[in-house]
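Enquirer: The following block contains the structure, expressed as structure tokens.
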Amino acid sequence: MQETIARVRLEIEAYDLTTAEQLDQFRIAYTGRKGQLADLFDQLKTVDPPDRRAVGQELNQLKQLAVARFEERQQQLESATVNAPANPTFDYTLPAVPQALGTRHPLSLVREEIVRILARIGFNVAEGPEIEDDWHNFTALNFPENHPARDMQDTFFVKSAPIPGEQAPAPSYLLRTHTSPVQVRVMKSQKPPIRSIMPGRVYRNEAISARAHMMFHQVEALFIDENVSFADLKQTVYYFVQELFGADVQVRFRPSFFPFTEPSAEIDITCLICKGQGCNICKGTGWVEIGGSGMVDPAVLEQSGIDPERYSGYAWGMGIERITMLKYQVKDLRLFTENDLRFLRQFEGLQ
Ligand code: DAH
């Protein structure tokens with residue numbers, strides 16, 4: 001009997017309890033009602049009475065050992081199943097977790113819509129440099145040297161080093177303050193009829209606020225041909241505004257001054273926030289300005305190599321931020337450059 005107890009003790013100590021099945025088999029084989037330990041307790045009565053007490057104690061210790069091993073491992077396995085994922089095998093048939101896609105920037109959306117609307121009536125897209133020379137940005141557009149009209153736009157000048165060995169003063173460069181210099185580049189490189197729009201980034205030395213930024217976008221439109229009149233300008237602007245904002249939006253032209261157009265007018269549309277009733281965005285007038293326009297000054301045509309006796313043309317320019325703010329009711333210009341996803345995601349899915 002003692003030999004059996006010693007053998008069973010070795011078995012119990014060495015028993016592999018890795019899995020829950022093994023633990024269950026262990027219970028059936030040793031501690032269970034029909035297990036070996038129950039058997040041994042049964043056999044206790046066959047032991048000689050003087051030895052019975054000692055053998056009984058040994059048997060009890062063996063049972064304690066078996067129960068202790070069983071309970072310890074059972075607890076470990078239980079806590080492992082609680083912490084492990086319910087189904088640790090990965091299910092490859094599950095649909096993928098959707099990846100968040102980027103969205104089109106509202107300024108790109110509006111720029112592309114402007115390009116589409118004007119392409120339908122024959123305008124193509126032209127581009128020019130953002131670092132521009134003084135001649136294209138000002139002089140060729142009839143801003144005389146040292147003329148106060150240059151102060152209409154606060155300019156960032158680019159410091160240029162003199163060219164070694166050159167006597168002439170270094171050309172004066174700047175960050176273009178408007179897209180109008182692209183008009184000059186188009187007129188110098190193409191012959192009329194010209195029908196182009198010129199979207200792009202422009203810079204002005206302004207303090208950044210909800211209504212002003214040192215970097216923003218404009219789009220310019222230029223039409224040069226024989227017999228172009230102010231009526232053509234008005235009709236094109238009416239068409240453009242109604243396509244972009246809707247047929248119930250009104251347009252008005254307000255006399256103004258720009259050095260490169262004569263006559264000049266500012267373009268206003270009915271305030272989209274209050275529908276013309278008057279609110280704080282339109283300062284109670286019911287109208288908001290979207291850009292400047294006019295008939296290209298003959299002096300500008302001449303500077304660019306186009307015969308003003310034969311050709312005439314109109315030009316207009318507007319701020320893309322301004323139009324985007326009106327169209328999508330954006331109240332702060334800074335949102336366009338802050339990359340706040342809560343703002344940008346609102347334009348998800350728009351074309
Ligand atoms: N370049 C002007 C500005 O930035 C806007 C402008 C006015 C453009 C009249 C034009 C125009 O083409 O004809 O303030």
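The values are calculated or read from the model by the stated rules, or taken from the named source; none is laboratory data. Treat the numbers as computed from the prediction; the structure is a model and nothing was measured. No Cβ is skipped: glycine too gets one built from the backbone with ideal geometry, and neighbour counts run over all protein chains shown.
Enquirer: Exactly one of these conditions fails for Val288: (1) over 20 Å from the mean Cα position of the chain (by Cα); (2) in contact (Cβ under 8 Å) with a residue 40 or more places away in the chain. Give me its number.
Expert: Exception for Val288: condition (2).
Enquirer: Tell me whether region 164-180 contains one or more residues that are within 13 Å of the ligand (Cβ to nearest atom), part of a loop (DSSP other than H, G, I, E, B), modelled with pLDDT of 85 or more and surrounded by fewer than 20 Cβ atoms within 10 Å (Cβ to Cβ).
Expert: no
Enquirer: Another question, then. On the basis of being away from the ligand (no atom under 16 Å from the Cβ), under 20 Å from Ile121 (Cα atoms) and assigned by TED's automatic domain parsing to the domain that holds Glu132, does Ala207 make the cut?
Expert: The answer is no for Ala207.
Enquirer: Identify all residues within region 291-320 that are of a type in the set (A, V, I, L, M) and assigned to a helix (DSSP H, G or I); write none if there are none.
Expert: Residues satisfying the conditions are Ala299, Val300, Leu301, Ile320.
Enquirer: Does Arg201 qualify as being within 13 Å of the ligand (Cβ to nearest atom), in contact (Cβ under 8 Å) with a residue 24 or more places away in the chain and under 25 Å from the mean Cα position of the chain (by Cα)?
Expert: Here the answer is yes, as Arg201 does meet what is asked.
Enquirer: While we're on this one: Within region 306-314, is there a residue that is surrounded by 19 or more Cβ atoms within 10 Å (Cβ to Cβ), among the hydrophobic types (A, V, I, L, M, F, W, C) and away from the ligand (no atom under 14 Å from the Cβ)?
Expert: Yes, there is a match, as at least one residue in region 306-314 is surrounded by 19 or more Cβ atoms within 10 Å (Cβ to Cβ), among the hydrophobic types (A, V, I, L, M, F, W, C) and away from the ligand (no atom under 14 Å from the Cβ).
Enquirer: Does Lys234 satisfy the condition of being assigned by TED's automatic domain parsing to the domain that holds Phe143, among the basic types (Lys, Arg) and out of contact with any strand residue (DSSP E or B) (no Cβ under 8 Å at 6 or more places or on another chain)?
Expert: Answer is no for this residue.
Enquirer: Still on this structure, I have one more. In region 105-112, is there at least one residue being closer than 30 Å to Gly200 by Cβ, of a type in the set (Lys, Arg), touching a residue at least 12 places away in the same chain (Cβ under 8 Å) and surrounded by 14 or more Cβ atoms within 10 Å (Cβ to Cβ)?
Expert: Scanning region 105-112, I find at least one residue that is closer than 30 Å to Gly200 by Cβ, of a type in the set (Lys, Arg), touching a residue at least 12 places away in the same chain (Cβ under 8 Å) and surrounded by 14 or more Cβ atoms within 10 Å (Cβ to Cβ), so the answer is yes.
Enquirer: If I filter region 257-267 for residues that are closer than 23 Å to Val110 by Cα, surrounded by 15 or more Cβ atoms within 10 Å (Cβ to Cβ), among the hydrophobic types (A, V, I, L, M, F, W, C) and more than 10 Å from the ligand (Cβ to nearest atom), do I get at least one hit?
Expert: No; the residues of region 257-267 include none that is closer than 23 Å to Val110 by Cα, surrounded by 15 or more Cβ atoms within 10 Å (Cβ to Cβ), among the hydrophobic types (A, V, I, L, M, F, W, C) and more than 10 Å from the ligand (Cβ to nearest atom).
Enquirer: Can you tell me which residues in region 268-288 are away from the ligand (no atom under 16 Å from the Cβ), outside any loop (DSSP other than H, G, I, E, B) and not polar (S, T, N, Q)?
Expert: Trp287
Enquirer: In region 98-137, what count of residues is obtained for those that are assigned to a loop (DSSP other than H, G, I, E, B) and farther than 30 Å from Leu244 by Cβ?
Expert: The qualifying residues number 2.
Enquirer: Taking the stated definitions as given, is Ile323 in a helix (DSSP H, G or I), within 16 Å of the ligand (Cβ to nearest atom) and among the aliphatic types (A, V, I, L, M)?
Expert: When the stated conditions are applied, Ile323 passes them.
Enquirer: Moving to a separate point now. Given the criteria within 36 Å of the chain's Cα centre (by Cα), surrounded by 15 or more Cβ atoms within 10 Å (Cβ to Cβ), modelled with pLDDT of 95 or more and of a type in the set (S, T, N, Q), does Ser293 qualify?
Expert: Yes.
Enquirer: All but one of (1) within 14 Å of the ligand (Cβ to nearest atom); (2) not in a strand (DSSP E or B) hold for Glu243, so report the exception by its number.
Expert: Single failed check for Glu243: (1).
Enquirer: Could you count how many residues in region 20-49 are β-branched (Val, Ile, Thr), surrounded by 11 or more Cβ atoms within 10 Å (Cβ to Cβ) and out of contact with any Gly (no Cβ under 9 Å at 6 or more places or on another chain)?
Expert: Residues that pass the stated criteria total 1.
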